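Visitor: I'd like to ask some things about the structure below.
The values are calculated or read from the model by the stated rules, or taken from the named source; none is laboratory data. The structure presented is a predicted model; accordingly, all values stated were derived computationally and were not measured. All Cβ positions, even for glycine, are placed from backbone atoms using ideal geometry, and neighbour counts span all protein chains on display. For the accessible areas, the whole protein counts, side chains as well, though only heavy atoms, and no ligand, DNA or RNA atoms are used. Shrake-Rupley method; radii C 1.70, N 1.55, O 1.52, S 1.80 Å.
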Amino acid sequence: MPKIHVTSPFADEHTTPVGPPPSTPTLAAGAALATALTATASWVAAAVVITLRRDELRAWVVGPDMTSTTFVLIGGLLGLGVLALLVGIVTTGWWLIALRGVGEWANPGFFHRRASWWGIAGWVVPIVNLWFPYQVVADASRAVGSRVGSYWPWWIAWLLMGAGSVLDSSGDVLVEPGDIDRWALSLQVNAAIAVVALVLWWRIVRAATAAAQQAVRVTS
């Protein structure tokens with residue numbers, strides 16, 4: 001009697017791939033990592049600038065009403081980070097969809113909790129963006145046989161970074177020297193969390209991409 005394979009969260013057998021092998025997500029992985037690195041570098045640079053020029057900014061706040069080049073520089077770096085983050089949603093979605101394509105071909109019996117289009121939409125739809133991206137990343141990575149054991153450390157770091165960015169409004173209201181200190185601390189903490197998130201994300205993307213490449217080589 002032939003084996004019957006079902007799409008179930010408890011399915012543990014690999015069915016035979018059908019059709020030609022899909023392209024590996026190597027290029028998409030590079031784009032996703034490049035945008036993540038750009039965003040993180042921008043936030044770290046902003047934290048470094050405000051740390052080195054804090055006294056200058058404190059004097060500027062209580063001084064004459066004039067433009068501060070340091071303030072403009074920090075704003076530009078933060079803006080670059082946001083732009084890279086927005087582009088990163090697209091590149092990461094591209095990588096996730098490509099990765100899932102390999103997983104569905106090499107391991108069609110694997111159960112994915114979300115549709116493939118959540119690879120992009122999951123990052124921007126309110127409320128569900130608190131857990132859908134985690135599920136999409138974890139499922140797509142596991143489907144290709146990634147060796148990463150847990151995805152929670154990266155996701156917690158990502159949520160903390162996002163919460164810090166949303167709650168921080170220090171740069172919007174600068175009326176006394178103490179405001180500069182609070183803004184500096186906020187940027188420093190967010191930069192540190194961003195570095196942790198980047199390191200964990202780098203490992204996830206590299207491991208899953210390597211597993212996808214291996215799956216295509218072995219199965220095709």
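Visitor: Considering only the stretch 101-120, state which residues are over 22 Å from Ile89 (Cα atoms), touching a helix residue (DSSP H, G or I) at 6+ places or on another chain (Cβ under 8 Å) and not in a helix (DSSP H, G or I).
Guide: Those that are over 22 Å from Ile89 (Cα atoms), touching a helix residue (DSSP H, G or I) at 6+ places or on another chain (Cβ under 8 Å) and not in a helix (DSSP H, G or I): Asn107, Phe110, Phe111.
Visitor: Hey, Ile204 hits all of (1) modelled with pLDDT of 90 or more; (2) of a type in the set (Val, Ile, Thr); (3) open to solvent by 40 Å² or more (accessible area, probe 1.4 Å) but one; which does it fall short on?
Guide: (3)
Visitor: Does the stretch 68-85 include one or more residues that are in a helix (DSSP H, G or I) and in contact with a Pro (Cβ under 9 Å, 6 or more places away or on another chain)?
Guide: Within the stretch 68-85, not a single residue is in a helix (DSSP H, G or I) and in contact with a Pro (Cβ under 9 Å, 6 or more places away or on another chain).
Visitor: Of the residues that sit in the stretch 47-67 and are farther than 17 Å from Ala191 by Cβ, β-branched (Val, Ile, Thr) and outside any loop (DSSP other than H, G, I, E, B), which one is most open to solvent (accessible area, probe 1.4 Å)? First the steps, then the outcome.
Guide: First, pick out the residues of the stretch 47-67 that are farther than 17 Å from Ala191 by Cβ: 55-56, 58-67.
Narrowing further to those that are β-branched (Val, Ile, Thr): 61-62, 67.
When the remaining residues are screened for being outside any loop (DSSP other than H, G, I, E, B), the result is 61-62.
Values: Val61: 26, Val62: 96 Å².
Result: Val62.
Visitor: Follow-up. Being hydrophobic (A, V, I, L, M, F, W, C) and open to solvent by 20 Å² or more (accessible area, probe 1.4 Å) is the requirement here; does Ile193 meet it?
Guide: Working: hydrophobic (A, V, I, L, M, F, W, C): yes; open to solvent by 20 Å² or more (accessible area, probe 1.4 Å): yes.
It is true that Ile193 is hydrophobic (A, V, I, L, M, F, W, C) and open to solvent by 20 Å² or more (accessible area, probe 1.4 Å).
Visitor: Considering only residues that are open to solvent by 60 Å² or more (accessible area, probe 1.4 Å) and either at pLDDT 90 or above or among the charged types (D, E, K, R) (or both), which ones fall in the stretch 159-187?
Guide: Scanning the stretch 159-187 gives Leu159, Leu160, Asp172, Glu176, Arg182, Leu185.
Visitor: Show the residue pairs that are 6+ apart or on different chains and have beta-carbon atoms under 7 Å apart, the first residue being within the stretch 53-64 and polar (S, T, N, Q) and at pLDDT 90 or above, the second being crowded, with 16+ Cβ neighbours inside 10 Å and not in a helix (DSSP H, G or I).
Guide: Short answer, once both residue conditions are applied: none.
Visitor: Related question: Go through (1) within 17 Å of the chain's Cα centre (by Cα); (2) more than 30 Å from Gln188 (Cβ to Cβ); (3) of a type outside the set (Gly, Ala, Ser) for Phe110 and report which single condition fails.
Guide: With respect to (1) within 17 Å of the chain's Cα centre (by Cα); (2) more than 30 Å from Gln188 (Cβ to Cβ); (3) of a type outside the set (Gly, Ala, Ser), Phe110 is out only on (1).
Visitor: Right, another one. Could you please give the count of residues in the stretch 65-80 that are free of Cβ contacts under 8 Å to residues at least 12 places away in the same chain and of a type in the set (Val, Ile, Thr)?
Guide: 3
Visitor: Examine the stretch 92-105 for a residue that is free of Cβ contacts under 8 Å to residues at least 40 places away in the same chain and more than 23 Å from Trp202 (Cβ to Cβ), and state whether such a residue exists.
Guide: yes
Visitor: Out of curiosity, is Arg147 of a type in the set (Lys, Arg), in contact (Cβ under 8 Å) with a residue 40 or more places away in the chain and either farther than 18 Å from Thr92 by Cβ or in contact with a Ser or Thr (Cβ under 7 Å, 6 or more places away or on another chain) (or both)?
Guide: Answer is yes for this residue.
Visitor: So, Ile89, is that one assigned to a helix (DSSP H, G or I) and under 17 Å from Ala191 (Cα atoms) or not?
Guide: no
Visitor: For the condition open to solvent by 50 Å² or more (accessible area, probe 1.4 Å) and closer than 20 Å to Leu33 by Cβ, what is the one hit in Val102, Val136, Val82?
Guide: It is Val82.
Visitor: For the condition open to solvent by 70 Å² or more (accessible area, probe 1.4 Å), of a type in the set (Ser, Thr, Tyr) and modelled with pLDDT of 80 or more, what is the one hit in Ser42, Ser23?
Guide: That would be Ser23, the only listed residue that is open to solvent by 70 Å² or more (accessible area, probe 1.4 Å), of a type in the set (Ser, Thr, Tyr) and modelled with pLDDT of 80 or more.
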